[in-house]
1. Among HIS24, HIS217, which comes first, second and so on when ranked by fewest other beta-carbon atoms within 10 Å?
2. Please compute the modelled spin-label separation between ALA115 and ARG275, points set 7 Å along Cα→Cβ, answer in nm with one decimal.
3. For the residues SER55, SER154, what sequence is obtained by ranking on other C-beta atoms within 10 Å, fewest first?
4. Under the rule of at least 5 residues apart or a separate chain, name every residue whose amide H is placed under 5 Å from the amide H of VAL236.
5. Can you sort GLU190, GLU99, GLU82 from fewest to most other Cβ atoms within 10 Å of each residue's own Cβ?
6. Starting from region 123-196, pick out the trypsin sites (Lys or Arg not before Pro) whose DSSP state is loop and whose Cβ has at most 15 other Cβ atoms within 10 Å.
7. Applying the Karplus parametrisation 6.51 cos²θ - 1.76 cosθ + 1.60 with θ = phi - 60° to the phi angles of region 218-225, what ³J(HN,Hα) value in whole Hz is obtained for each residue in order, glycine and proline being reported as x?
8. Check each of the chymotrypsin sites (Phe, Trp or Tyr not before Pro) in region 90-134 and keep only those in coil by DSSP with at most 16 other C-beta atoms within 10 angstrom; list them in order.
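Laboratory data are not the source of any read-out in this text; all were calculated from the coordinates shown. These numbers were taken from a predicted model, which means no experiment stands behind them. With ideal geometry, Cβ positions are generated from the backbone for all residues, glycine too; neighbour counts draw on all protein chains shown.
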Amino acid sequence: MTGALAAAPEDPGGIDVQLRGVVHVYPSPDGDVAALRGVDLDVAAGETVALLGPSGAGKSTVLGLLAGNFTASAGQVVVGGEDLGRLSGARLARLRALEVSLVVQDADRNLLPYATAAENVWFAQQGARGHGARPTLEPVDLLDRFGLADVAGSPVGRLAAGQRQCVAVATGVASQPRLLLVDEPTSRLEPAARARVVDLLLAVGEQLGTTVVVVTHDPEVARRLGRTVTISAGRVGAEGRSGADHVLVGRDGLLQLPEDVLDLLPPGSLVEVRRVGPAVEVRRIDAEAGGDGHDVRDRRARGHDARGHDARGHDARGHDARGHDARGHDAGPPGGRRRPGGDEEET
């Protein structure tokens, strides 16, 4: 791929996106499956964002909701100020034809293999034309703008995997949408092809001003896209910016801990959370808890050491370290009887 991108005055720019408390449940014969469990997300107009996470985390469900493919079970999905759950069928169809574009996983599902790259772009523009809009770039011009002029006349079925994926992205912006959604565009690609696809996605955002949301399971791809939002178990758990990862606190106060600290705070841990000046201290206490439920630090605060002895060396029954009580009598073995004078009688 060769060629430089140049910004044009007619580029429409991007639109912003908000998800508020979004829940989505898929019905199943074995019981409903909650794919999303209260997702909050903000994407600014013109921003490029990667949704990162393992398979089944809910990433593709977020894309489907933003594309208007289905309606959230609960919560709000707002695209460009439009609450998708409240739109009429006609308004939603127009939004999807003109302003929102989805490139699904696997390049071949987005393309006509027997048609050339230019013909695929032309075909992708027909939805916008059907709603009275005329794309400002002809197919060959659009491919040239994205450095794909050398494959414009080639049937896409004969192109290499990386080239097909780039053409699929080009069809995604054929009608110059304001929001581009791309699902796993670099899966099964070799490193060089993967890098070319990411370059193209960055160019879409930088040169067209389009808002770009990309689903990926590849941390390296996510880091290149600038902002990373990690989705795990149906929730937004973390964000990465400028190469640094941060845990995200949800609106309900919930947070997901990074995997590298779960050995210290495994699920089910009892922790103490304290405000210490401008910082927050999180400390596990159940691992150190004694029989009365207090941790070691609590015992020391009351004058007892970790074994339960107080500052004088007596335990909770008043016996010292040698087994004598406060009067100097031997505590004796369990079950013994005390003789007059304090000696223990065997039993």
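1. Values: HIS24 23, HIS217 16.
Arranged by neighbour count, lowest to highest, HIS24, HIS217 become HIS217, HIS24.
2. 6.0
3. Working: SER55 8, SER154 15.
Arranged by neighbour count, lowest to highest, SER55, SER154 become SER55, SER154.
4. Here ASP40 satisfy the definition.
5. Details: GLU190 11, GLU99 21, GLU82 17.
Ranked by crowding around the Cβ, least crowded first: GLU190, GLU82, GLU99.
6. Values: sites: ARG129, ARG145, ARG158, ARG164, ARG178, ARG188, ARG194, ARG196; in loops: ARG178, ARG188.
Listed in order of number, the matching sites are ARG188.
7. Ordered by residue, 3J(HN,Hα) equals 9, x, 5, 4, 4, 4, 5, 7 Hz.
8. Values: sites: TYR114, TRP122, PHE123; in loops: TYR114.
Sites meeting the loop and neighbour criteria: TYR114.
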